[in-house]
1. At a 1.4 Å probe, what is the % contribution of carbon and sulfur to the accessible area of the range 11-50?
2. What accessible area per residue, rounded to a whole number of Å², is obtained for the range 1-53 using a probe radius of 1.4 Å?
3. Report D for the range 1-50 in µm² per second (integer): Stokes-Einstein, Kirkwood Rh on Cα pairs, 37 °C, 0.692 mPa s.
Amino acid sequence: MYVVIGASGNTGSVVANTLLDQGKKVRVIGRHAERLQPFVARGAEPFIADVADADALTRAFNGAEGVYAMIPPMFKVRIFAPTSAPSPKQLATLWRRRESGTP
Ligand SMILES: NC(=O)c1ccc[n+]([C@@H]2O[C@H](COP(=O)([O-])OP(=O)(O)OC[C@H]3O[C@@H](n4cnc5c(N)ncnc54)[C@H](OP(=O)(O)O)[C@@H]3O)[C@@H](O)[C@H]2O)c1
């Protein structure tokens, strides 16, 4: 069984429909049952959850062979705001880790 976060979205729908085309068992995650309905009509199992709910995701991932772990777009979060950008020190640390092969 495969789990698809954001199955009703642009990318998740392609993943979910491709898996369903292949006859795979699919569990589709989203916040709105009606948006998951087209996949349920094709045999998918709906799972209503918000990705902010770790307990719900843990249950949703239970028994999965694979997960499309999409992080939904967060339009309310200014991800490019200076306050959320890595500091030069953080960037340098990341760069050194990459160069040294440190995970
Ligand atoms: N499509 C692009 O061209 C593109 C380009 C660059 C980056 N990206 C990134 O790729 C990712 C996927 O994009 P996309 O275009 O497939 O997104 P999308 O079409 O906006 O779909 C988002 C999906 O996530 C679900 N969702 C939203 N917030 C949720 C939450 N809090 N909990 C659970 N489900 C939630 C939505 O369903 P419900 O609202 O029903 O919950 C919907 O199915 C995003 O991170 C996006 O920023 C996309």
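1. Summing carbon and sulfur atoms, their accessible area is 51 percent of the total for the range 11-50.
2. On the way: 2900 Å² over 53 residues.
With all protein chains present, the range 1-53 gives 55 Å² per residue.
3. In µm²/s, the coefficient is 324.
The values are calculated or read from the model by the stated rules, or taken from the named source; none is laboratory data. Since the structure is predicted, the reported quantities are computational estimates derived from the model, not experimental observations. Heads up: the accessible areas ignore ligands, DNA and RNA and are worked out on the full protein's heavy atoms, side chains in. Shrake-Rupley method; radii C 1.70, N 1.55, O 1.52, S 1.80 Å.
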